Every structure is written in C-alpha cells, then in structure tokens.
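Student: Below you will find the structure I want to go over with you.
We did not get these values from a lab; they are worked out from the coordinates using the rules stated. All figures in this text were calculated on a predicted structure; none of them were measured in a lab. Every residue, glycine as well, gets a Cβ built from its backbone with ideal geometry; the counts of neighbours run over all protein chains shown.
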Amino acid sequence: MNTEKKVGIAFFVGIVLLMALTFWVGKIRLFENGYIIKVNFSQIGGLKRGDTVTLAGMKVGRVEDFDIKDNKIQVSLWIKKETILRQNSIFSINDVSLMGGKYVGITMGTADSLILKPGSIVDGKDSYQLDQLFTKAGEISDSIGKLVEKIEKGEGTAGKLLTDEELYKNTSEFMKSAKETSDKAQKTLMIFDGIGTEAKEIVKTIKKIVKKIDRGEGTVGKLIYDEELYDEAKKTMKSAKAASEDAKDVLGKMREIKTWLGSESVYSVRDGACRNKGYIRIEPAEDKYYLVGASKLGTSNSKEERYKIEYDVQLALKFFDNNLTVRGGLINSGAGLGADYMLPDKKTVITVEGHSAVYSSPFFLRTNLSYRIWEDKSYYMVAGAEDILDRPSFMAGIKIEYNDQDIKYLVGLMGAAR
C-alpha cells in the first residue's frame with residue numbers, strides 16, 4: 001500500500017471518529033450554567049437558533065428556541081448564570097451588518113430596578129429591520145414620483161412656475177433687456193483703448209520667446225533640438241515594443257487559465273431549509289485556484305421565509321499530486337480554513353472546513369463526503385455534518401460544476417435556441 005493510500009485511509013477514519021464523537025458530545029453542553037428568559041416579539045426578522053444575545057454589546061447568551069403565544073413570537077433566550085438582567089432592561093432584535101445576520105441586544109437597565117428571575121416572560125421592543133427600511137424608502141420614492149407628475153401637469157406652486165406662459169414671456173423680455181445692457185457695456189469698454197498697448201507688449205515678448213526656442217536656446221529649446229533626447233525617445237520606443245511582446249506572452253498564458261462555474265444545493269436538518277450556493281473557480285495553474293461565490297439559506301422561524309446572503313472569497317493550494325487541497329479566506333462571510341482530499345478512486349472527496357462566526361457559535365465546523373455520480377461530468381452527491389462543535393446536524397444535497405468547454409457548449413445551445 002503506497003503512502004497516499006495510507007494517508008487517505010487515516011484521514012477518513014479520523015473524520016468518522018470525529019463525527020461520531022461530536023454527535024455524542026454535542027448533545028451535552030459541558031461547563032455551561034445558565035437560565036432561560038422568554039421574550040415576546042411581534043416579528044423576529046430572520047432571527048434563528050444559535051444567534052448571539054448581548055448585554056450592552058457583550059455576549060452573554062444565545063437564542064435557544066421559538067414558540068407562538070397569544071399572536072406573538074416567543075423567543076427563548078439562554079443566559080449565562082452570572083449575568084444579571086433588570087426588569088426595565090430593553091430587549092430588541094438588531095441587524096449584525098448589511099451583509100445579513102441578527103442578534104438580540106439587551107440594555108443594562110437601572111440599578112434600582114428589580115432583577116429578572118429565571119423563567120421570566122417579558123415583552124421585547126420591535127425595531128425597524130433593514131428590509132422594512134428598504135420598503136419605506138420605496139414608499140418615499142413613489143411619493144416623489146407622484147410629486148413630479150403633479151409638477152409636470154402644472155399643479156401646485158412649483159408646477160405653475162414651470163408651466164405658466166406669462167412667466168415665460170416675462171423671462172424672455174428680461175433676457176432681451178439683459179442683452180441690450182451687455183451690448184452697451186461692450187461699447188463702453190472700447191473707450192479704454194489704452195489697455196491694448198499692454199497687450200501689444202505681451203505679444204512682442206511671446207515672439208522673442210518663440211525665436212529663442214527656434215534657435216535651441218533655453219530649457220524648452222533644448223528639449224526640442226537636443227539629439228540625446230531623440231536617442232532617449234528611440235530607446236523608449238524599443239522598450240514599448242519589448243513590453244508589447246511581453247504582453248503577448250501574458251495573453252498566451254491567460255489562455256491556459258481554466259474557469260469553472262459551480263452550483264450547490266444542500267439541505268440542512270438543523271435549519272430545516274436548503275443552502276443554495278453559486279460560485280466561480282479560476283485555476284491559473286494546476287496546483288492552485290481562486291474561488292468567489294455567494295450562498296443563501298432559507299429558514300422557517302416564522303410564517304414568512306427569510307433569507308440572508310453569505311460570501312466566499314478563497315485562495316487554494318494543492319499538494320501530493322493535487323490530491324490534497326488546502327484553502328483559506330472568506331467562508332460564509334467569516335474568516336476560515338478548509339481542506340479537500342480526493343481518494344484514489346478519483347470520485348470521492350472528503351472535505352473539512354470551518355470559519356469564524358462573530359454573532360453565533362465561536363467557530364462553525366462542517367465536514368462532508370462528495371461522490372461524483374457521472375463519469376465524464378462533475379455532478380456530485382454531497383452528505384455530511386455541520387456545526388459539529390455546537391449543535392451537530394446532518395446535511396445532504398447535490399453539487400454541479402461546468403468547465404470552460406461545458407460553458408461554451410451551453411452558450412452555443414442558448415444561441416441555437418434563439
């Protein structure tokens with residue numbers, strides 16, 4: 001058995017043991033003591049289990065569960081044991097950033113207010129979410145459009161100013177009067193003919209400068225007639241020609257770059273929805289590539305479906321005859337690392353990747369197996385586990401990739417269909 005097979009088998013066995021251990025340990029929260037506070041909201045705007053709970057900006061817990069009580073969404077918050085909350089503390093749902101994500105923020109409350117007991121039920125403060133602000137902006141835009149329409153019809157003060165014929169006539173007469181005044185001023189200026197004497201002197205000075213330049217005198221004259229400058233210009237042209245040849249070489253290398261378009265749809269048992277991902281992978285050489293993509297996860301925490309977009313920007317390097325790929329960068333909008341190992345059958349890929357998550361789990365870790373189901377095409381079945389350090393859950397789905405030739409073929413079919 002060669003070294004690559006031994007490494008692959010050891011890697012696979014380690015992943016299986018890790019998955020089994022995390023599934024067993026993940027159900028038990030070690031060294032965590034806390035209590036539950038329930039908060040009623042009119043709407044939760046895409047909040048999900050595991051999202052962060054902060055007190056005055058400091059992380060003190062997480063979102064544990066959801067329920068519907070008396071036409072309200074009741075959110076169960078797990079709070080660290082040593083955290084003291086007051087009865088006049090304000091609970092609100094806030095946006096992490098424009099990129100997406102939610103968290104529950106709590107104010108400190110005042111020292112003279114009573115302490116909230118474990119199991120207490122309080123009302124949260126509903127705040128504007130980003131999507132509501134965008135809707136409001138759309139309404140304002142519609143109002144502006146209606147206002148412009150009224151102005152075009154000549155309604156209101158502004159409309160009358162723009163469409164009143166009498167105002168137009170008065171303006172036209174004013175412009176004529178202004179022109180007559182300008183003509184009179186022009187004639188008045190001609191009286192000061194003595195100013196032209198200075199202008200003549202300036203013209204004479206300019207003529208002298210031009211003659212010096214023509215004789216090659218002065219800085220400008222030397223620039224025009226200097227032989228060394230001519231030689232330098234020739235050298236510059238040669239350098240430009242060499243640069244052009246280098247550019248041709250670069251273009252030749254660019255033709256060797258491979259491009260892949262990929263799409264992945266994986267169902268998450270934990271979130272009860274599919275994560276749909278699209279990406280482009282650029283391979284300037286066989287031993288490395290760049291990947292840029294975006295993914296969107298649908299959740300069902302309320303009667304409405306909410307989505308957030310997460311981004312991937314990664315650099316990958318390949319080792320051991322390109323069987324092991326190590327990559328890093330932005331994974332699901334968090335800083336992360338990943339590794340992909342292709343088994344000797346050239347069909348099965350083992351993936352382990354993790355990334356930081358500021359407002360949820362400290363580190364999100366997932367692992368999966370991808371199996372190519374079509375010999376000549378990059379169509380894969382995917383199965384594995386995610387969030388294995390916090391709340392392990394199963395995921396499964398499909399992945400499809402198209403390379404340069406496939407893309408050209410698809411474009412050709414689209415053109416023929418027209």
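Student: So, in nm, how far is label GLU180 from label LYS80 when the simple model puts each one 7 Å beyond its Cα toward the Cβ?
Tutor: 8.5
Student: Can you work out ³J(HN,Hα) from phi for every residue in segment 398-404, in order, using Karplus 6.51 cos²θ - 1.76 cosθ + 1.60 and θ = phi - 60°, giving whole Hz and x for Gly and Pro?
Tutor: 10, 9, 10, 10, 10, 9, 3
Student: Cβ neighbours within 10 Å, averaged per peptide: list 380-389, 318-327 in order, most packed at the top.
Tutor: 380-389, 318-327
Student: Among the lysines, select those whose C-alpha is under 16 Å from the C-alpha of LYS117, and discard any that sit fewer than 8 residues away in the same chain.
Tutor: Output for LYS117: LYS38, LYS80, LYS81.
Student: In whole Hz and in residue order, list the ³J(HN,Hα) couplings for segment 332-345 that follow from phi through the Karplus curve 6.51 cos²θ - 1.76 cosθ + 1.60, θ = phi - 60°; x for Gly and Pro.
Tutor: My calculation for segment 332-345 gives 6, 6, x, 5, x, 9, x, 9, 10, 10, 8, 6, x, 6 Hz in order.
Student: Continuing with the same structure: At a Förster distance of 60 Å, what's the computed FRET efficiency of ALA242 paired with GLU4, Cβ-Cβ distance as r, to 0.05?
Tutor: About 0.85, to the nearest 0.05.
Student: Also: Does anything in segment 329-353 have its amide N under 14 Å from the 7 Å Cα→Cβ label point of ILE309, and if so which residues?
Tutor: 333, by backbone N distance to the label point.
Student: Taking K and R as +1 and D and E as -1, what net charge do the other residues with C-beta under 14 Å from the C-beta of VAL352 add up to?
Tutor: Surrounding charge for VAL352 is -2.
Student: Oh, and also: Which percent of Cα-Cα pairs in segment 34-127 sits in each 10 Å bin, short to long?
Tutor: Per 10 Å bin, starting at 0, the Cα pair percentages come out as 17, 55, 25, 2.
Student: Can you sort PHE363, PHE66 so the residue with the fewest Cβ neighbours within 10 Å comes first?
Tutor: Details: PHE363 14, PHE66 17.
The most exposed by this proxy come first: PHE363, PHE66.
Student: Separate question: Please list 3J(HN,Hα) in residue order for segment 366-383, calculated via the Karplus relation 6.51 cos²θ - 1.76 cosθ + 1.60 where θ = phi - 60°; whole Hz, with x for glycine and proline.
Tutor: Rounded to whole hertz, the list is 9, 8, 7, 10, 10, 10, 6, 9, 10, 4, 9, 10, 8, 10, 10, 9, 10, 8.
Student: For the pair GLU152/VAL16, report the inter-label distance in nm, with labels modelled 7 Å from Cα in the Cβ direction.
Tutor: Those two pseudo-labels are separated by 7.1 nm.
Student: Moving on to the next point. FRET efficiency for PHE319 and ILE373, Cβ-Cβ distance as r, R0 = 25 Å, nearest 0.05? Mind showing how you got there, number by number?
Tutor: Values: r = 26 Å, r/R0 = 1.06.
FRET efficiency, PHE319 to ILE373: 0.40.
Student: Would you mind calculating the gained length between ALA56 and ASN33 on full extension (0.36 nm times residue separation, minus the Cα-Cα distance), in nm to one decimal?
Tutor: 6.2 nm
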